[in-house]
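Worksheet: one structure, shown below.
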Amino acid sequence: MLLFDWPVAAFTCGKPPLANQTIASVTPTSGGFSQVKAAAIDLSPVDKGVQLFENLGDIIKLAAVENGVGDFFKELPYNQGSVIAKGMSGDVVLVTCSDKPSEKRVLKRMPLKCRRSERAAKMLFMYELDTFYRTDHRGLAKCILAARCPGYLAIVMKFYPLGDLERSLSILPSESRPWVAARVSEAVDYLHTKRIVHGDIKLQNILLDTGFTPVLSDFGLSRYLTEDVLTLSANKFGGTREYWAPEIRNRDATLQVDPFKVDTYALGVVILSLLSLLKPKMDLDYLETAKTTEDVSSDHRPILEAALEPDFKNRCTSTEVLRFYKDIVDKPCSESDCTANPQD
């Protein structure tokens, strides 16, 4: 098992390397990233053994433990719990720390079943690690460690006890919804200021910490774009269809679109769902709904209409959405409004 003890599995370029390529390990400095040492990260399948990448100041040390069987739960201080979520890229398992059973974590497993799924899992894994390393924000999910195991890739993250926003939408107090929208908008805008496109903003990818504090997660489709990249082809986007902006629905390879505005549209869909409790659907006219539903207040309508504008050239940015919430984003959510029992 190859383990990346955070934050050593990081990249200086916008495009993560393919398996077996040599990449640059970096450490943060006041001026950005500084390259410290090149290290080869091998993501080919393993049968046994553990290799640890440990961050020792500005030196990356590779240590090998050859007598291990390579299984995550036999090699690392975690106990396996129940599967709490499943998706196309794998499943999410609740784990506890062996020495502190009260401390819960989640393990995201990406199986390496066949050559095609193996390549996809590796790319999701590397892109997710890249985003974790480039970011540090209260509104983004936190990674604890990442590992390559026999048969799957694994990422261990902080456990967010209230699950995802889709699951908790109906129990979220109405008075708290604008604040949750503000915090999600802040997280999206932070990514954009870092030149990172999330690529799959949706209710299921927004996790809730205690007090209904939202954190944006799942960065497998996220991409860091250099300053010279202003547009992408409309057929280059993945994500979830119900949140797709109009310009990418036809998958037109000849159409160049603003990737950050695609994120903004998905953010608008999330905010609309927050305020109206409507589940996103492909055949739902989001803009018309924002204009007509009684669940959207008159002060919210202009910013929602701007975020859900069909023409991306006229659509607002995430910064403009955040500006709308500037008076509440830093205020604590009222304990009386945000009280719920964590999941077992």
Show me the GluC sites (Glu not before Pro) within the stretch 202-279 that DSSP assigns to loop and that have at most 14 other Cβ atoms within 10 Å of their Cβ. GLU227
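For a Förster distance of 41 Å, can you work out the FRET efficiency between the beta-carbons of ARG323 and ARG119, rounded to the nearest 0.05?
Calculated transfer efficiency: 0.50.
Report the convex hull volume per residue for the stretch 140-246, counting only C-alpha atoms, in Å³.
147 Å³
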So what are the ³J(HN,Hα) numbers for the stretch 230-242, from phi and the Karplus equation (6.51, -1.76, 1.60; θ = phi - 60°), rounded to whole Hz, Gly and Pro as x? 9, 9, 9, 5, 5, 8, 8, 9, x, x, 10, 3, 4
Say the dipole of the stretch 165-324 comes from +1 at the beta carbon of Lys and Arg and -1 at that of Asp and Glu; which of CYS316, GLY239, LEU284 then lies farthest toward its positive end? GLY239
Give the residues of the stretch 293-317 whose amide nitrogen is closer than 14 Å to a point set 7 Å from the Cα of THR254 in the direction of its Cβ. none
What are the residues whose amide H is under 5 Å from the amide H of TYR152, where those residues sit 5 or more places off or on another chain and H is modelled from the backbone? LEU112
Quick check on packing: order 252-258, 145-151, 87-93 by the mean number of other C-beta atoms within 10 Å, highest mean leading. 145-151, 87-93, 252-258
Entries in LYS202/LYS281; LYS261/LYS326; LYS236/LYS279 that, when Cα-Cα distance is taken, lie over 23 Å: LYS236/LYS279
With a sphere of radius 15 Å drawn around the Cβ of GLU247, what net charge do the other residues whose Cβ falls strictly inside it have (Lys, Arg +1; Asp, Glu -1)? +2
Note, ³J(HN,Hα) from phi for the stretch 73-78, Karplus 6.51, -1.76, 1.60, rounded to Hz, x at Gly and Pro: 7, 8, 9, 10, x, 10
Can you compute 3J(HN,Hα) from phi for each residue in the stretch 252-261, using the Karplus curve 6.51 cos²θ - 1.76 cosθ + 1.60 with θ = phi - 60°, rounded to whole Hz and x for Gly and Pro? 7, 5, 8, 8, 9, 10, 7, x, 6, 6
What length, rounded to one decimal in nm, is gained on full extension from SER170 through to LEU284, with 0.36 nm per residue of separation minus their alpha-carbon distance? 39.1 nm
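Every number here is computed from the coordinates shown, using simple stated rules; none is lab data. Quick caveat, the model's predicted, so the values are computed rather than measured. Quick reminder, even Gly has a Cβ in these numbers, built from the backbone with ideal geometry, and neighbours come from all protein chains shown.
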